[in-house]
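In what follows, a structure is listed as structure tokens, so that the remarks can point back to it.
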Amino acid sequence: ICYSYKWAIDVELIATIAAHGNSISVGMNQGYSAVLLPQLMQKESLLHVTDDEASWIASLGVISNPIGALLAGVLMEIFGRKTTVKLTSLPYIIGWVLISLSDNIFKLYAGRFISGVAVGMATASYVYVAEICQAEYRGTLSASGPVHVSLGVLLIYILGFIAPWQRVAAICTLCALFSFIAMCAVPESPPWLASHGRVTEALQALIRTTMFRQNEIKTNKHIQAVKNLIKTITRPTAWKPFIILLLFFAFQEGSGIYIILYYAVNLFQEVGTGLNEFVASIVVGCVRLVMSVVGAILMKSFGRKTLAIISGVGMAISMAIGGGYEYLYSQLPPTDRPLAWIPLISVLGHVCVSMIGFLQLPWVMNGELFPLSIRGVMGGLVASLAHLFIFTSVKTYPNMMHSLGSDGTLWFFGVAALCGAVYCYFFLPETRGKTLREIELAFNPQVKVEHDEVTRNTYTIKSELSESNKYLCDYADGEIDIRPNISSSTDELQSPQIFTVEAAYGIFHTKSAEKL
């Protein structure tokens, strides 16, 4: 059987879809409170909640996200990216089962909190996808995460319109189970395997053959690994991306993206749209899904910075229009307002432009900017802080609406989005078309060979490993040697060889063509 370069791309696509199966559950979890709370506040509801309890139901699905993100960061380094993505399904299953069986507020609280842990752990999916993809396709495939999230949001809005909240939670359990099963069929991240000395397995994950028998070299370097981690975190390649991403996430939450997601039905009740609020939320969910696909496509043709600026400015304009309308007509009942469709169009415009930049880019770039030796830990830390921002915005939204009014709240979102666009113009790095190695070096152009040795970037494989045939790939009808050309000189044997997914696929593609 002749394996082709196109086949490798197909594997990337399949693995991406499997990994982001958890992202569908993320969307379901984030959109669930929008359909749950209105049902709980109906007179015929068996379980009644106060406004304060309702805000806790919404925010408890967020407050535990940082715990999951930090947990995922640790698990990714110890057990690998694939295993962590699989484990993400377990809190989802437990949380959704608890919610579906809830007969009091405390079970509901517990279910939301536990499922929120899984939302935080879902950051592992972005790291996994970033590492298995070639630079040419990484942007589009990474951006498919928000596409899956948007699909989950749309599904939950539709289910909430046609079914009671307990049954909706039970259906969500099936989605989490599907994610776990799907991840069993895809390979582990090749860079993570290579960084742990399992080079043969890394190549097998790239080319999907089982021609080798693994001879692992077991070492005990835990203390040195901790020292290397501390040294790496203090380098510009660690703290610069950390600050950039943290501020990007702050502007993202300030722009109201997740408030619209968590409080869609309640928001439409506040501003009035001329439509049934549940129908309006479904319309928003459909638009969100379509625009997430558009955003993934645009990611391949336009730079990250360009998309972020356009997204921020577009969101600011949308919120300025919506806030202006509310300022003029908020004192009138929704049925007496002229052009009652303007608030809906304003929210739809905000959702549309957010999906091409501000919503997806911080999560995508969290899997791109950090060196692989600390990508799991630092990515988990950034994601945990981002979820704290989301919790703060979701929990304080009711108070913000009471203090600022609907017009002031929308204007606040617009100002935050505009400030975010300015920030991205000056500080956001461009990563489109770059390998993860090139992105790392951009934060420290003067990096030395010794730094490569210390950080043990996942793409760095020492020349000495070539003495064992770890780079030799045998195929059914012949042999394809994708080992780098290595001189026998002492100096060259002491310098590391940089091994990237792109380079491995390139050599494999070239030598496959030669054999044909």
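The values are calculated or read from the model by the stated rules, or taken from the named source; none is laboratory data. Computed from a prediction, not measured in an experiment: that's the story for all the values here. Reconstructed Cβ throughout: ideal geometry from the backbone, glycine too, with neighbour counts over all protein chains shown. These accessible areas exclude ligands, DNA and RNA; they are computed on the full protein's heavy atoms, side chains included. Shrake-Rupley method; radii C 1.70, N 1.55, O 1.52, S 1.80 Å.
Along region 43-49 the Karplus relation, 6.51 cos²θ - 1.76 cosθ + 1.60 evaluated at θ = phi - 60°, assigns HN-Hα couplings of 4, 7, 5, 6, 10, 9, 9 Hz to successive residues, with x for each Gly and Pro. Specify which residue in the list Leu344, Thr392, Gly303 is farthest towards the positive end of the charge dipole of region 302-449, using unit charges on the beta carbon of Lys, Arg (+1) and Asp, Glu (-1), about the Cα centre. Value computed over the given set: Gly303. Each Lys and Arg adds +1 at its Cβ and each Asp and Glu adds -1 at its Cβ; summed about the Cα centre, region 29-179 shows a dipole of about 320 debye.
Of Lys43/Lys395; Lys107/Lys240; Lys86/Lys305; Lys86/Lys434, which sit over 30 Å apart, Cα to Cα?
Listed pairs above 30 Å: Lys107/Lys240; Lys86/Lys305.
Distance between the modelled labels on Phe178 and Leu47, one decimal in nanometres: 2.4 nm (7 Å Cα→Cβ projection). Residues Ile439, Ile181, sorted by accessible area with the largest first, give Ile181, Ile439 [1.4 Å probe; ligands and nucleic acids excluded]. In order along region 377-389, phi translates into HN-Hα couplings of 5, 5, x, x, 5, 4, 5, 5, 5, 4, 5, 5, 4 Hz, rounded to whole numbers, per the Karplus curve 6.51 cos²θ - 1.76 cosθ + 1.60 with θ = phi - 60° and x for Gly and Pro.
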